[in-house]
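Student: Shown below is the structure under consideration.
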Amino acid sequence: MMKHTGKIFSFTFLQHVRGKGYRSATVIVTLLCFLLPAVIMPAIQYFGGKDTYQSRVQSIYVADLDAEHEADYELLNKLDKEQFCNLSYTETDSVEEAVRLAAQDGYGLALVVEKQGAYRINVLLPEESELTKDDARAYEKFVEDNFRSILAQKSGLNMIQMTELTKPVEISYREYSKSAAPGMAEESDEFAAAKKIFSAVLPYLNIMILYFMVLAYGQGTANSAIMEKTSKLMDLFLVSVKPQEMLLGKVLAITASGILQLFCWIGGLVGGFAVGTYFTKLIDPQTDMALIQLFEAFGELSGMFTLHGSLLALLMLAAGLLLYCSLASVGGAMAGKPEDLSNTNSIFVLVLIASFFATMYSGGISADTPWLTTNSWQMWVPFTAILIMPTKMILGSVTLAEGLLSTAIVIAAAVVITMAAGRLYRMMSLYKGNPPGPAQILKLIKQSKQE
């Protein structure tokens with residue numbers, strides 16, 4: 001019964017991808033996605049480089065007003081290997097003396113330490129100094145980061161004890177298991193914290209991507225469905241091709257072309273960041289660029305994702321686009337002329353927004369929500385499943401069988417909606433007047449079934 005679907009699919013797909021607008025948008029955006037990160041990242045590293053600031057501070061005149069506890073400030077020279085490692089520290093009796101000596105030095109600063117319940121530190125820059133505010137701020141930041149070593153010295157600790165205090169502490173969460181060896185604990189999921197973050201962020205990212213794809217390709221599906229009406233070829237098509245065949249072929253073709261275009265853009269973006277990272281590291285192997293550090297952090301989390309889960313999530317995203325393109329075909333079947341599309345096309349946008357709020361307010365937007373709960377209906381209702389299932393599939397919150405079943409339900413719903421759009425298309429072929437409302441649409445579909 002659907003023997004012409006393949007021919008309509010291939011014809012529509014080729015016509016769409018050969019279009020000048022489609023090719024231009026695909027090539028230009030892909031090149032931009034590739035070139036922008038590939039050029040900008042190395043350029044930032046090359047022209048920005050490392051911080052070229054060199055401190056000109058040579059002497060520090062200390063006015064330690066804490067008479068109860070003494071400290072040797074020469075210790076600070078051992079805490080920095082670049083800027084502040086060879087400074088001379090001179091003890092003074094008052095703030096005025098420290099400022100005067102710093103002013104006479106020309107390249108000195110006054111360091112004032114007070115104890116008023118808590119310690120208060122001030123770095124003073126004399127007016128007559130050869131130093132700048134940047135020099136004073138840089139040393140102020142250095143003292144702020146390392147003053148705890150001075151406090152440890154004031155408390156009377158020796159170097160061994162101070163070393164113990166500064167050792168890093170690693171804390172991890174583990175679950176005890178009776179089956180584990182005595183004195184041992186069963187290690188929990190090492191990606192638990194990262195999964196919690198991704199489960200909160202990825203659903204919204206998925207919704208955003210799907211929303212823009214629906215807006216971009218839903219309109220194209222509706223325009224393609226109405227094309228025969230505007231070109232006076234509808235009568236010929238209704239005789240030679242079933243409306244269901246025609247619309248299903250068109251919906252599949254528009255969806256496939258949209259997915260192809262999206263993958264080209266994503267491929268360009270991934271390639272651009274990969275090339276940009278490569279050349280940035282060639283310029284400076286020790287680069288501390290935040291974007292590269294983020295990529296490296298994602299690389300450490302790669303074990304959190306499975307290949308079949310990622311592929312299944314992409315399949316569900318494609319099925320979601322197919323579902324909403326099938327809804328757009330309903331809008332095209334209802335419209336009698338292009339001017340009517342502005343009213344009929346709102347159906348798939350309203351359904352998407354309603355599905356989002358239904359999912360969010362029922363508490364199922366997070367991927368942490370177990371499937372066997374009162375919110376499990378969201379996984380089996382097509383319009384909500386496409387919003388939450390991709391994230392659950394990527395993070396492994398559902399089994400492969402559950403993911404495949406949910407995807408199959410979405411695809412089946414898209415086919416059913418397209419078949420209904422085909423019936424509506426045939427019933428609307430002789431319809432005159434404004435586009436019908438929802439009640440009239442259901443009535444027309446029922447009449448078509450009876451015939």
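The values are calculated or read from the model by the stated rules, or taken from the named source; none is laboratory data. All values derive from a computational prediction rather than experimental measurement. Every residue, glycine as well, gets a Cβ built from its backbone with ideal geometry; the counts of neighbours run over all protein chains shown. Only protein heavy atoms, including side chains, enter the accessible area calculation; ligands, DNA and RNA are left aside. Shrake-Rupley method; radii C 1.70, N 1.55, O 1.52, S 1.80 Å.
Student: In region 66-88, what residues are more than 17 Å from residue 131 (Cα to Cα), modelled with pLDDT of 85 or more and more than 46 Å from the chain's Cα centre (by Cα)?
Tutor: Of everything in region 66-88, those that are more than 17 Å from residue 131 (Cα to Cα), modelled with pLDDT of 85 or more and more than 46 Å from the chain's Cα centre (by Cα) turn out to be 73, 74.
Student: Filter region 260-310 for residues that are modelled with pLDDT under 85 and polar (S, T, N, Q) and give the result.
Tutor: Scanning region 260-310 gives 286, 287, 293, 302, 306, 310.
Student: Condition first: in contact with a helix residue (DSSP H, G or I) (Cβ under 9 Å, 6 or more places away or on another chain) and surrounded by fewer than 15 Cβ atoms within 10 Å (Cβ to Cβ). Now tell me which residues in region 131-146 satisfy that.
Tutor: Scanning region 131-146 gives a single hit, 145.
Student: Still on this structure, please answer the following. Can you spot a residue in region 279-294 that is over 17 Å from the mean Cα position of the chain (by Cα), closer than 29 Å to residue 23 by Cα and among the aromatic types (Phe, Trp, Tyr)? So that I can check it myself, show each step before the final result.
Tutor: Going through region 279-294, the residues over 17 Å from the mean Cα position of the chain (by Cα) turn out to be 279-289.
Then drop every residue that is not closer than 29 Å to residue 23 by Cα, which leaves none.
No; the residues of region 279-294 include none that is over 17 Å from the mean Cα position of the chain (by Cα), closer than 29 Å to residue 23 by Cα and among the aromatic types (Phe, Trp, Tyr).
Student: Within region 342-352, is there a residue that is modelled with pLDDT of 85 or more and more than 23 Å from the chain's Cα centre (by Cα)? Write out each step before concluding.
Tutor: Looking only at region 342-352, we keep the residues that are modelled with pLDDT of 85 or more, and these are none.
Within region 342-352, none of the residues are modelled with pLDDT of 85 or more and more than 23 Å from the chain's Cα centre (by Cα).
Student: Can you tell me which of 141, 81 is without any contact (Cβ under 8 Å) to a residue 40 or more places away in the chain, out of contact with any strand residue (DSSP E or B) (no Cβ under 9 Å at 6 or more places or on another chain) and not in a loop (DSSP other than H, G, I, E, B)?
Tutor: Details: 81 fails: not in a loop (DSSP other than H, G, I, E, B).
That would be 141, the only listed residue that is without any contact (Cβ under 8 Å) to a residue 40 or more places away in the chain, out of contact with any strand residue (DSSP E or B) (no Cβ under 9 Å at 6 or more places or on another chain) and not in a loop (DSSP other than H, G, I, E, B).
Student: Now for a different question. Please tell me if residue 54 is modelled with pLDDT of 85 or more and surrounded by fewer than 18 Cβ atoms within 10 Å (Cβ to Cβ).
Tutor: Values: modelled with pLDDT of 85 or more: no; surrounded by fewer than 18 Cβ atoms within 10 Å (Cβ to Cβ): yes.
So residue 54 fails the test.
Student: Check residue 43 against each of (1) hydrophobic (A, V, I, L, M, F, W, C); (2) open to solvent by 50 Å² or more (accessible area, probe 1.4 Å); (3) without any contact (Cβ under 8 Å) to a residue 12 or more places away in the chain and name the one condition it does not meet.
Tutor: (2)
Student: Which numbered condition trips up residue 179, out of (1) at pLDDT below 75; (2) part of a helix (DSSP H, G or I); (3) open to solvent by 80 Å² or more (accessible area, probe 1.4 Å)?
Tutor: (2)
Student: Ok, one more. Just checking, how many residues over region 113-124 are in contact with an Asp or Glu (Cβ under 8 Å, 6 or more places away or on another chain) and either at pLDDT 85 or above or open to solvent by 80 Å² or more (accessible area, probe 1.4 Å) (or both)? It would help to see each step written out before you state the result.
Tutor: First, pick out the residues of region 113-124 that are in contact with an Asp or Glu (Cβ under 8 Å, 6 or more places away or on another chain): 113-115, 119-123.
Okay, now just the ones that are also either at pLDDT 85 or above or open to solvent by 80 Å² or more (accessible area, probe 1.4 Å) (or both), so 113-115, 120-123.
Here the count works out to 7.
Student: So is residue 81 within 24 Å of residue 145 (Cβ to Cβ) and out of contact with any helix residue (DSSP H, G or I) (no Cβ under 8 Å at 6 or more places or on another chain) or not?
Tutor: Working: within 24 Å of residue 145 (Cβ to Cβ): yes; out of contact with any helix residue (DSSP H, G or I) (no Cβ under 8 Å at 6 or more places or on another chain): yes.
In short, yes.
Student: I would also like to ask the following. Would you check which residues across region 1-33 are farther than 21 Å from residue 219 by Cβ and either at pLDDT below 90 or in a loop (DSSP other than H, G, I, E, B) (or both) and list them?
Tutor: Listed by number, the residues that qualify are 1, 2, 3, 4, 5, 6, 7, 10.
Student: What tally of residues in region 224-259 results from selecting those that are at pLDDT 75 or above and open to solvent by 50 Å² or more (accessible area, probe 1.4 Å)?
Tutor: Residues meeting the conditions: 2.
Student: Next question. Tell me yes or no: at least one residue of region 55-70 is assigned to a helix (DSSP H, G or I), over 30 Å from residue 268 (Cα atoms) and charged (D, E, K, R). It would help to see each step written out before you state the result.
Tutor: Start the filter on region 55-70 by keeping residues that are assigned to a helix (DSSP H, G or I), which leaves none.
No: zero hits.
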